[in-house]
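Undergrad: Sharing a structure below in structure tokens format, with a few things to ask.
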């Protein structure tokens with residue numbers, strides 16, 4: 001590969017692999033930073049019906065507000081209005097008020113929606129869609145100290161200064177990163193990273209027609225406890241979104257899992273008698289589903305998120321269970337954090353053609369990972385523990401989630417720590433927040449905590465220790 005001429009352009013250029021939530025978030029962030037880039041998506045269409053529901057919390061909502069997407073989203077979705085924690089028989093255990101607390105502190109309540117809907121909002125809201133290249137399957141990546149090339153299956157290639165792997169838990173970019181590291185710096189990536197992810201849970205998920213369930217509100221969040229299962233139900237006008245997480249065989253690394261229709265129906269029959277509410281069973285949801293499927297619930301976090309000219313963001317670097325709804329939020333936060341690092345570097349070299357060496361990029365990537373690693377790891381561990389508590393994986397976990405966590409004093413304590421965690425989340429440092437009022441007390445708390453940087457980590461640690469008993 002020829003050095004400088006291989007950039008294909010005089011300007012600093014980023015190549016993003018994957019046009020899901022992370023890749024599209026990066027395109028928004030890079031466009032706001034006026035950074036030349038391309039996003040490569042292997043599928044012919046950006047938006048598909050793959051994937052389950054997700055919840056957007058204030059930290060991600062603020063970043064989406066900077067993208068100019070949040071207000072449009074709020075016009076066609078409802079924030080969470082009611083929360084329920086339910087016993088295995090469907091009866092109400094407690095009525096949390098997290099959505100009220102978050103609204104009062106940050107001016108925005110959690111929003112539940114389908115993954116493909118968020119992808120649609122992000123794509124439709126892009127100022128320049130020409131940065132997205134579809135039907136672009138990566139074949140190989142070549143790099144040296146001057147540039148990087150991403151070769152595609154159609155024979156073409158994209159050249160630039162760095163590659164961001166935003167292609168999910170089964171990331172091909174991550175494999176190319178490891179291959180390069182093995183050849184050039186064999187000790188850089190720990191051996192454990194090659195098997196960083198494991199599975200112990202799967203999720204059967206879907207969307208059902210709401211008119212069949214008049215007892216559900218238009219913007220509900222239901223958490224349903226159970227022996228060996230944890231159930232989530234979210235509602236929006238026009239959709240009842242649900243998932244049942246269930247314990248399966250432990251596998252590290254995760255085994256490929258692509259169930260056919262017969263296998264999916266077999267799993268659905270296993271859970272048909274599960275109670276979701278007093279009046280709704282899983283069989284009801286499955287019978288009236290509009291679509292459904294089964295996914296592995298991978299868990300794990302890499303020790304090294306970068307090597308050479310490649311850096312990873314989102315599920316390609318950190319993957320968590322669905323129970324606390326933080327996977328997409330952590331990915332969007334990480335995209336913003338990396339964009340901040342890149343924007344500062346480009347701005348500092350605005351007087352010249354900026355093409356950093358591998359060692360210079362490594363310093364930038366290390367800065368990005370150091371900002372994100374501890375927070376993401378703690379959230380991942382909290383999510384993992386929550387899945388196991390809600391599915392009664394030990395007597396202590398069952399007792400904690402059923403009787404201690406529901407005490408009013410514990411609800412208040414955990415709400416306070418949750419607020420502190422969102423308050424200190426990253427945003428784009430170089431773009432304005434458009435509609436959210438950052439003078440609200442939650443965001444002001446974040447400014448105060450910047451003066452005492454150990455506090456957010458302490459708060460998250462306390463939540464984790466108290467919720468797990470470990």
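Residue by residue, here is whether (1) under 24 Å from the mean Cα position of the chain (by Cα); (2) more than 17 Å from residue 241 (Cβ to Cβ) holds:
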{"position": "269", "(1), (2)": "no, yes"}
{"position": "309", "(1), (2)": "yes, yes"}
{"position": "313", "(1), (2)": "yes, yes"}
{"position": "323", "(1), (2)": "yes, no"}
{"position": "337", "(1), (2)": "yes, yes"}
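Undergrad: Of the residues in the stretch 351-360, how many are surrounded by 14 or more Cβ atoms within 10 Å (Cβ to Cβ) and under 16 Å from residue 37 (Cα atoms)?
TA: The qualifying residues number 3.
Undergrad: Which number in (1) at pLDDT 90 or above; (2) part of a helix (DSSP H, G or I) marks the one condition that residue 392 misses?
TA: All conditions pass for residue 392, except number (2).
Undergrad: Right, here's the next one. Check whether at least one residue in the stretch 79-86 is more than 21 Å from residue 311 (Cβ to Cβ) and part of a loop (DSSP other than H, G, I, E, B), and report yes or no.
TA: yes
Undergrad: Just need a number here: residues in the stretch 114-147 that are surrounded by 16 or more Cβ atoms within 10 Å (Cβ to Cβ), in contact with a helix residue (DSSP H, G or I) (Cβ under 8 Å, 6 or more places away or on another chain) and at pLDDT 95 or above.
TA: 13
Undergrad: Is the stretch 91-103 home to any residue that is touching a residue at least 12 places away in the same chain (Cβ under 8 Å), out of contact with any helix residue (DSSP H, G or I) (no Cβ under 9 Å at 6 or more places or on another chain) and assigned to a loop (DSSP other than H, G, I, E, B)?
TA: yes
Undergrad: What number of residues in the stretch 209-237 are in a helix (DSSP H, G or I) and out of contact with any helix residue (DSSP H, G or I) (no Cβ under 8 Å at 6 or more places or on another chain)?
TA: 2
Undergrad: Out of (1) over 21 Å from the mean Cα position of the chain (by Cα); (2) exposed (fewer than 14 other Cβ atoms within 10 Å of the Cβ); (3) under 30 Å from residue 185 (Cβ atoms); (4) modelled with pLDDT of 95 or more, what's the single condition that is false for residue 370?
TA: For residue 370, the failing item is (1).
Residue-wise test of (1) crowded, with 22+ Cβ neighbours inside 10 Å; (2) more than 28 Å from residue 249 (Cα to Cα); (3) touching a strand residue (DSSP E or B) at 6+ places or on another chain (Cβ under 7 Å).
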{"position": "305", "(1), (2), (3)": "yes, no, yes"}
{"position": "309", "(1), (2), (3)": "yes, yes, yes"}
{"position": "314", "(1), (2), (3)": "yes, no, no"}
{"position": "322", "(1), (2), (3)": "yes, no, yes"}
{"position": "334", "(1), (2), (3)": "yes, yes, no"}
{"position": "349", "(1), (2), (3)": "no, yes, no"}
{"position": "377", "(1), (2), (3)": "no, no, yes"}
{"position": "380", "(1), (2), (3)": "no, no, yes"}
{"position": "389", "(1), (2), (3)": "yes, no, no"}
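Undergrad: Restricting to the stretch 395-416, count the residues that are outside any helix (DSSP H, G or I), in contact (Cβ under 8 Å) with a residue 60 or more places away in the chain and surrounded by fewer than 18 Cβ atoms within 10 Å (Cβ to Cβ).
TA: The number of residues fulfilling the criteria is 1.
Undergrad: Something else now. Regarding the stretch 10-21, can at least one residue be identified that is out of contact with any helix residue (DSSP H, G or I) (no Cβ under 7 Å at 6 or more places or on another chain), surrounded by 18 or more Cβ atoms within 10 Å (Cβ to Cβ), over 18 Å from residue 167 (Cβ atoms) and modelled with pLDDT under 95?
TA: No, because not a single residue in the stretch 10-21 is out of contact with any helix residue (DSSP H, G or I) (no Cβ under 7 Å at 6 or more places or on another chain), surrounded by 18 or more Cβ atoms within 10 Å (Cβ to Cβ), over 18 Å from residue 167 (Cβ atoms) and modelled with pLDDT under 95.
Undergrad: Is it true that some residue in the stretch 172-182 is over 17 Å from residue 16 (Cα atoms), modelled with pLDDT of 95 or more, over 23 Å from the mean Cα position of the chain (by Cα) and not in a helix (DSSP H, G or I)?
TA: No.
Undergrad: Pick from the stretch 31-53 the residues that are modelled with pLDDT of 95 or more and either on the phi > 0 side of the Ramachandran plot or not in a loop (DSSP other than H, G, I, E, B) (or both): which of them is surrounded by the fewest Cβ atoms within 10 Å (Cβ to Cβ)?
TA: Step by step, filter the stretch 31-53, then rank; the result is 34.
Undergrad: From 254, 210, grab the single residue that is modelled with pLDDT under 95, surrounded by 13 or more Cβ atoms within 10 Å (Cβ to Cβ), touching a strand residue (DSSP E or B) at 6+ places or on another chain (Cβ under 6 Å) and within 24 Å of residue 99 (Cα to Cα).
TA: Matching residue, one of 254, 210: 210.
Undergrad: Say whether the condition of being surrounded by 19 or more Cβ atoms within 10 Å (Cβ to Cβ), touching a strand residue (DSSP E or B) at 6+ places or on another chain (Cβ under 9 Å) and either assigned to a strand (DSSP E or B) or at positive phi (or both) is met by at least one residue in the stretch 262-270.
TA: no
Undergrad: Out of (1) outside any helix (DSSP H, G or I); (2) over 16 Å from residue 125 (Cα atoms), what's the single condition that is false for residue 59?
TA: (1)
Undergrad: Scan the stretch 417-445 for residues that are buried (at least 17 other Cβ atoms within 10 Å of the Cβ), over 21 Å from the mean Cα position of the chain (by Cα) and not in a loop (DSSP other than H, G, I, E, B) and jot them down.
TA: Scanning the stretch 417-445 gives 442, 443, 445.
Undergrad: Same structure again: Residue 166: under 28 Å from residue 282 (Cβ atoms) and either surrounded by 13 or more Cβ atoms within 10 Å (Cβ to Cβ) or modelled with pLDDT under 95 (or both), yes or no?
TA: no
The values are calculated or read from the model by the stated rules, or taken from the named source; none is laboratory data. Just so it is clear, the structure is predicted and the values come from calculations on it, not from any experiment. Here the Cβ is made from the backbone with ideal geometry for all residues, glycine too, and neighbour counts use every protein chain on show.
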